[in-house]
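S.K.: Please see the structure below; I have some questions.
Coordinate-derived values only; no laboratory data. These numbers come from a predicted model, not from an experiment. Cβ coordinates were reconstructed from backbone atoms using ideal geometry, including for glycine residues, and neighbour counts include every protein chain displayed.
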């Protein structure tokens, strides 16, 4: 299990909606050499955990519970076959493109050591947004430039990739080993959490088994569902 690439992005404008031509950091490219990873500030104030990586919409991205985002090369390859185009590392906005790692089968609260020092803890799942769809559509990777239909397609596949918080900072680079150091005793994988938060809300009460390792917003959503019965 290893990193194929460590990806960072700079702000750029994306004109896929009438809201804006907003700045986004979703378009990431593999970095050359080592990249420092530290724990950012809370959501809304801190960016990504990777040095040199832009987070432009800090209300919904970045912060301590979404410091690092990983996606498996194997899943990118499956999307390539479905979409009929080339998907380079970083194109889904992931900071880490992995090989040989079951990213979506990782458990919430699972801990990875990446390289010699960095320790990450699985905290959540990506929820697709219009920026994601517009980014891929604008790059000519989807049938329409605005990415219409992509969000539903992505949801049905349930291979969302994982968010992490930083437990111990470190420096990483392409080729570094990924080692699973701890797997908690519950059923809440990244894919299970994604299904609960998107197309299968009946699963929401069951994600509470992940305890405090859950992203606080996911936990609040599940508690509201459990209270409502």
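S.K.: Counting only helical runs of four or more DSSP H residues, what would the 222 nm mean residue ellipticity of the chain come to if each run contributes -39,500 (n - 2.57) and the total is spread over all its residues? Write down the numbers at each step before the final one.
M.R.: Numbers: 6 runs with 53 residues, N = 229.
Helices in the chain give a 222 nm mean residue ellipticity of -6500 deg cm²/dmol.
S.K.: Same structure again: Place a label point 7 angstrom from the Cα of residue 117 along the Cα-to-Cβ direction, then list the residues of segment 169-183 whose backbone nitrogen is under 13 Å away.
M.R.: 169-173
S.K.: Now for a separate question. Pop a pseudo-label 7 angstrom from the Cα along the beta-carbon direction at both residue 39 and residue 155 and give the gap in nm to one decimal.
M.R.: 3.4
S.K.: Evaluate the Kirkwood expression for the hydrodynamic radius of segment 2-228, namely the inverse of the mean inverse distance over all pairs of different C-alpha atoms, and round to one decimal in Å. Spell out each step's value before the answer.
M.R.: Values: mean 1/r = 0.0569 Å⁻¹.
Across segment 2-228, the inverse of the average 1/r is 17.6 Å.
S.K.: Another question about this same structure. Could you sort 172-178, 76-82, 187-193 so that the peptide with the highest average Cβ count within 10 Å comes first and the rest follow in order?
M.R.: Working: 172-178: 17.7, 76-82: 14.3, 187-193: 22.4.
Top to bottom by mean Cβ count within 10 Å: 187-193, 172-178, 76-82.
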